[in-house]
Amino acid sequence: RARIAKEKYADYEVFAGMFIPYDEAVNIIKGACKELSLRLGVRAEDLAIAFKSRNWHNLKDATIDSWFGLERHLRSLNNPEHEWHKLYNTNSRAKNVVELRKEIAYLSSQEQFGKIAMTKAKNRGERLEIIDFYSMGDIDLNKYLGDE
(Lines give C-alpha, C1' and ligand atoms only; values in the text may rest on other atoms or scores of the structure.)
Protein backbone atom coordinates (compact mmCIF):
# COMPACT_ATOMS: atom_id res chain seq x y z
CA ARG A 1 0.00 0.00 0.00
CA ALA A 2 1.25 3.44 -0.82
CA ARG A 3 2.09 5.63 2.13
CA ILE A 4 2.48 9.23 3.19
CA ALA A 5 5.99 10.67 3.28
CA LYS A 6 7.22 10.86 6.86
CA GLU A 7 8.71 14.36 6.72
CA LYS A 8 5.55 16.34 5.94
CA TYR A 9 2.17 15.83 4.45
CA ALA A 10 3.24 17.69 1.31
CA ASP A 11 3.80 14.53 -0.71
CA TYR A 12 2.37 11.04 -0.92
CA GLU A 13 4.60 8.07 -1.69
CA VAL A 14 3.17 5.78 -4.38
CA PHE A 15 6.25 3.54 -4.35
CA ALA A 16 9.71 3.65 -2.79
CA GLY A 17 11.03 7.14 -3.48
CA MET A 18 8.20 8.02 -5.89
CA PHE A 19 5.94 10.83 -4.74
CA ILE A 20 2.93 12.78 -5.91
CA PRO A 21 1.50 15.92 -4.28
CA TYR A 22 -0.62 15.11 -1.21
CA ASP A 23 -3.62 17.06 -2.59
CA GLU A 24 -3.45 15.04 -5.81
CA ALA A 25 -3.49 11.80 -3.79
CA VAL A 26 -6.54 12.98 -1.83
CA ASN A 27 -8.31 13.92 -5.06
CA ILE A 28 -7.62 10.46 -6.50
CA ILE A 29 -9.18 8.79 -3.46
CA LYS A 30 -12.13 11.21 -3.48
CA GLY A 31 -12.70 10.36 -7.15
CA ALA A 32 -12.65 6.63 -6.40
CA CYS A 33 -15.17 7.17 -3.58
CA LYS A 34 -17.39 9.25 -5.87
CA GLU A 35 -17.29 6.53 -8.52
CA LEU A 36 -18.18 3.88 -5.92
CA SER A 37 -21.04 6.02 -4.63
CA LEU A 38 -22.44 6.40 -8.13
CA ARG A 39 -22.07 2.68 -8.88
CA LEU A 40 -23.88 1.89 -5.61
CA GLY A 41 -26.61 4.50 -5.99
CA VAL A 42 -25.71 6.36 -2.79
CA ARG A 43 -26.93 9.94 -2.30
CA ALA A 44 -24.09 12.34 -1.48
CA GLU A 45 -25.91 13.88 1.48
CA ASP A 46 -26.56 10.44 3.02
CA LEU A 47 -22.94 9.49 2.53
CA ALA A 48 -21.77 12.66 4.29
CA ILE A 49 -23.97 11.88 7.31
CA ALA A 50 -22.81 8.25 7.47
CA PHE A 51 -19.18 9.34 7.08
CA LYS A 52 -19.46 11.70 10.03
CA SER A 53 -21.28 9.07 12.10
CA ARG A 54 -18.17 6.88 11.81
CA ASN A 55 -16.30 9.65 13.68
CA TRP A 56 -14.18 10.26 10.62
CA HIS A 57 -14.79 14.05 10.19
CA ASN A 58 -16.80 16.11 7.79
CA LEU A 59 -16.13 15.05 4.22
CA LYS A 60 -14.69 18.46 3.36
CA ASP A 61 -12.18 18.23 6.27
CA ALA A 62 -11.38 14.52 5.91
CA THR A 63 -7.82 13.25 6.13
CA ILE A 64 -6.30 10.90 3.58
CA ASP A 65 -6.69 8.00 6.03
CA SER A 66 -10.39 8.78 6.41
CA TRP A 67 -10.82 8.79 2.64
CA PHE A 68 -9.05 5.42 2.44
CA GLY A 69 -11.40 4.14 5.14
CA LEU A 70 -14.40 5.36 3.22
CA GLU A 71 -13.24 3.70 0.02
CA ARG A 72 -12.73 0.37 1.82
CA HIS A 73 -16.11 0.76 3.49
CA LEU A 74 -17.98 1.51 0.28
CA ARG A 75 -16.63 -1.53 -1.57
CA SER A 76 -19.03 -3.85 0.25
CA LEU A 77 -22.02 -1.56 0.76
CA ASN A 78 -24.12 -3.65 -1.66
CA ASN A 79 -23.96 -6.53 0.83
CA PRO A 80 -27.21 -6.61 2.86
CA GLU A 81 -25.20 -7.29 6.05
CA HIS A 82 -23.14 -4.08 5.65
CA GLU A 83 -23.80 -1.50 8.37
CA TRP A 84 -24.52 1.18 5.75
CA HIS A 85 -26.53 -1.03 3.40
CA LYS A 86 -29.58 1.20 3.91
CA LEU A 87 -27.77 3.78 1.75
CA TYR A 88 -27.53 1.33 -1.17
CA ASN A 89 -29.53 2.24 -4.30
CA THR A 90 -31.36 5.18 -2.71
CA ASN A 91 -30.31 7.71 -5.36
CA SER A 92 -33.06 7.70 -7.98
CA ARG A 93 -30.73 9.48 -10.44
CA ALA A 94 -28.10 6.73 -10.33
CA LYS A 95 -27.96 4.57 -13.44
CA ASN A 96 -26.62 1.01 -13.74
CA VAL A 97 -26.33 0.41 -9.99
CA VAL A 98 -24.27 -2.68 -9.16
CA GLU A 99 -26.46 -5.62 -8.16
CA LEU A 100 -26.61 -6.95 -4.62
CA ARG A 101 -23.52 -8.89 -3.57
CA LYS A 102 -21.80 -8.35 -6.95
CA GLU A 103 -18.20 -7.19 -7.09
CA ILE A 104 -17.96 -3.53 -8.01
CA ALA A 105 -15.80 -2.93 -11.06
CA TYR A 106 -14.11 0.44 -10.64
CA LEU A 107 -10.65 1.98 -10.78
CA SER A 108 -9.49 1.92 -7.16
CA SER A 109 -7.26 4.60 -5.72
CA GLN A 110 -4.58 1.97 -5.09
CA GLU A 111 -4.60 0.91 -8.74
CA GLN A 112 -4.35 4.54 -9.76
CA PHE A 113 -1.36 5.03 -7.44
CA GLY A 114 0.25 1.91 -8.90
CA LYS A 115 -0.36 3.16 -12.41
CA ILE A 116 1.32 6.47 -11.52
CA ALA A 117 4.28 4.59 -10.04
CA MET A 118 4.57 2.57 -13.27
CA THR A 119 4.85 5.80 -15.26
CA LYS A 120 7.57 7.06 -12.91
CA ALA A 121 9.60 3.84 -13.13
CA LYS A 122 12.95 4.19 -14.84
CA ASN A 123 13.15 0.68 -16.30
CA ARG A 124 11.44 -2.69 -16.66
CA GLY A 125 13.06 -4.03 -13.47
CA GLU A 126 11.62 -1.21 -11.42
CA ARG A 127 8.19 -1.71 -13.03
CA LEU A 128 8.33 -5.41 -12.09
CA GLU A 129 9.12 -4.43 -8.48
CA ILE A 130 6.12 -2.12 -8.48
CA ILE A 131 3.92 -4.90 -9.86
CA ASP A 132 5.12 -7.24 -7.10
CA PHE A 133 4.57 -4.62 -4.40
CA TYR A 134 1.01 -3.80 -5.47
CA SER A 135 0.13 -7.47 -6.05
CA MET A 136 0.42 -7.95 -2.27
CA GLY A 137 -2.71 -5.78 -2.04
CA ASP A 138 -4.46 -7.73 -4.82
CA ILE A 139 -3.81 -4.96 -7.35
CA ASP A 140 -2.83 -6.31 -10.77
CA LEU A 141 -0.69 -3.79 -12.61
CA ASN A 142 0.53 -6.15 -15.35
CA LYS A 143 -1.66 -4.37 -17.92
CA TYR A 144 0.48 -1.26 -17.37
CA LEU A 145 3.74 -3.06 -18.06
CA GLY A 146 3.40 -2.63 -21.81
CA ASP A 147 5.51 -4.20 -24.51
CA GLU A 148 9.11 -3.14 -24.47
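The values are calculated or read from the model by the stated rules, or taken from the named source; none is laboratory data. The structure displayed is predicted, hence computed values, not measured ones. When we count neighbours, we look across all protein chains shown, and the Cβ atoms used for this are built from the backbone with ideal geometry, even at glycine. When the accessible area is computed, the model is the full protein with side chains, heavy atoms only, and any ligands, DNA or RNA have been set aside. Shrake-Rupley method; radii C 1.70, N 1.55, O 1.52, S 1.80 Å.
Among what's in region 136-148 and is under 17 Å from the mean Cα position of the chain (by Cα) and open to solvent by less than 60 Å² (accessible area, probe 1.4 Å), pick the residue that is modelled with the lowest pLDDT.
137
It is to be established whether one or more residues within region 73-93 are in contact (Cβ under 8 Å) with a residue 60 or more places away in the chain and among the β-branched types (Val, Ile, Thr).
Looking through region 73-93, none of the residues is in contact (Cβ under 8 Å) with a residue 60 or more places away in the chain and among the β-branched types (Val, Ile, Thr).
Would you confirm whether any residue within region 45-53 is of a type in the set (D, E, K, R), without any contact (Cβ under 8 Å) to a residue 60 or more places away in the chain and not in a helix (DSSP H, G or I)?
No, region 45-53 contains no residue that is of a type in the set (D, E, K, R), without any contact (Cβ under 8 Å) to a residue 60 or more places away in the chain and not in a helix (DSSP H, G or I).
Can you tell me which residues in region 107-121 are in a loop (DSSP other than H, G, I, E, B) and either at pLDDT below 95 or of a type in the set (A, V, I, L, M) (or both)?
Once the filter is applied, which keeps residues that are in a loop (DSSP other than H, G, I, E, B) and either at pLDDT below 95 or of a type in the set (A, V, I, L, M) (or both), region 107-121 yields 107, 121.
Counting just the residues of region 34-55 that are closer than 11 Å to residue 70 by Cβ and under 16 Å from the mean Cα position of the chain (by Cα), which one comes out modelled with the lowest pLDDT?
51
The conditions are (1) in a loop (DSSP other than H, G, I, E, B); (2) polar (S, T, N, Q); (3) surrounded by 18 or more Cβ atoms within 10 Å (Cβ to Cβ), and residue 96 fails exactly one of them. Which is it?
Condition (3) is where residue 96 drops out.
Taking residue 57 and the conditions (1) open to solvent by 60 Å² or more (accessible area, probe 1.4 Å); (2) assigned to a helix (DSSP H, G or I), which numbered condition does it fall short on, given that it satisfies the others?
Residue 57 satisfies every listed condition except (2).
Right, residue 62: more than 26 Å from residue 137 (Cα to Cα), open to solvent by less than 60 Å² (accessible area, probe 1.4 Å), of a type in the set (Gly, Ala, Ser) and modelled with pLDDT under 95 or not?
On the way: more than 26 Å from residue 137 (Cα to Cα): no; open to solvent by less than 60 Å² (accessible area, probe 1.4 Å): yes; of a type in the set (Gly, Ala, Ser): yes; modelled with pLDDT under 95: yes.
Criteria not met by residue 62.
Among the residues in region 81-90, are any hydrophobic (A, V, I, L, M, F, W, C), assigned to a helix (DSSP H, G or I) and open to solvent by less than 40 Å² (accessible area, probe 1.4 Å)?
yes
Could you please find all residues in region 104-134 being farther than 30 Å from residue 41 by Cβ and either β-branched (Val, Ile, Thr) or open to solvent by less than 60 Å² (accessible area, probe 1.4 Å) (or both)?
Matches in region 104-134: 117, 118, 119, 121, 125, 126, 127, 130, 131, 133.
On the basis of being under 23 Å from residue 22 (Cβ atoms) and modelled with pLDDT of 95 or more, does residue 68 make the cut?
no
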